[in-house]
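All remarks here apply to the structure that follows.
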Amino acid sequence: MMVTMAKMETSYPGGCLCGAIGFVATGAPLWVAHCHCQSCRRSAGSPFATFIGFPTDRVAFTAGTPATYASSPGVRRSFCGDCGTPIAYEADRFPGEIHLYVCTLADPAAVTPTAHVYAGERLAWLHLKDGLPRYRTSSRAGGTIP
């Protein structure tokens with residue numbers, strides 16, 4: 001008798017503060033990074049926002065439908081229309097990707113950021129000593145800074 005087991009796929013469930021929005025992302029993330037751009041800081045209401053990127057087809061909303069806001073040309077930010085929790089970032093310049101806010105995951109400690117992006121916009125009073133690479137803009141553009 002032959003027994004085969006399907007490979008278990010990692011899943012990342014999450015949602016908003018009030019529970020109206022729920023999602024699950026499956027498979028390996030494309031990346032995990034801290035973003036220091038002004039737009040992400042304002043959206044998150046914090047000195048930086050931490051995102052986990054997935055192919056869009058690997059994220060399913062399991063409860064509710066997030067509201068969206070076009071924060072700049074070609075950029076859509078999703079959030080809970082009830083409690084205001086920011087949920088995701090999507091941009092025309094990253095086709096086929098959705099970037100979820102790490103702290104909306106049920107277990108944000110399950111992932112570890114590997115870089116700082118848009119560190120050229122980092123607030124001067126924020127001092128980080130985590131040793132992660134810092135990119136002036138995106139990691140795809142290159143250009144690390146000290």
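The values are calculated or read from the model by the stated rules, or taken from the named source; none is laboratory data. As the structure is a prediction and not an experimental result, all values here were calculated from the model. Cβ atoms come from the backbone with ideal geometry, glycine included; neighbour counts cover every protein chain shown.
So if I check each of VAL59, VAL24, VAL32, which one is touching a Ser or Thr at 6+ places or on another chain (Cβ under 7 Å) and either acidic (Asp, Glu) or within 22 Å of THR114 (Cβ to Cβ) (or both)?
On the way: VAL59 fails: touching a Ser or Thr at 6+ places or on another chain (Cβ under 7 Å); VAL24 fails: either acidic (Asp, Glu) or within 22 Å of THR114 (Cβ to Cβ) (or both).
Testing whether each residue is touching a Ser or Thr at 6+ places or on another chain (Cβ under 7 Å) and either acidic (Asp, Glu) or within 22 Å of THR114 (Cβ to Cβ) (or both) leaves just VAL32.
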When every residue in the range 119-137 that is small (Gly, Ala, Ser) and in contact with a Lys or Arg (Cβ under 9 Å, 6 or more places away or on another chain) is compared, the one surrounded by the fewest Cβ atoms within 10 Å (Cβ to Cβ) is GLY120
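Residues that are surrounded by fewer than 17 Cβ atoms within 10 Å (Cβ to Cβ) and either at pLDDT below 95 or in contact with an Asp or Glu (Cβ under 7 Å, 6 or more places away or on another chain) (or both): list the strands (runs of 3 or more DSSP E) wholly contained in the range 5-91 that include at least 1 such residues.
The strands (runs of 3 or more DSSP E) meeting that bar are 22-26, 49-55, 67-72, 75-79.
Looking for something aromatic (Phe, Trp, Tyr) and either surrounded by 14 or more Cβ atoms within 10 Å (Cβ to Cβ) or farther than 15 Å from ALA44 by Cα (or both) - is there at least one such residue anywhere in the range 104-118? Walk me through it before giving the result.
Taking the range 104-118 as the starting set, the residues that turn out to be aromatic (Phe, Trp, Tyr) are 118.
Next cut, either surrounded by 14 or more Cβ atoms within 10 Å (Cβ to Cβ) or farther than 15 Å from ALA44 by Cα (or both) only: 118.
Within the range 104-118, one or more residues are aromatic (Phe, Trp, Tyr) and either surrounded by 14 or more Cβ atoms within 10 Å (Cβ to Cβ) or farther than 15 Å from ALA44 by Cα (or both).
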Does at least one position in the range 105-115 carry a residue that is over 22 Å from GLU9 (Cα atoms) and either aliphatic (A, V, I, L, M) or not in a strand (DSSP E or B) (or both)? yes
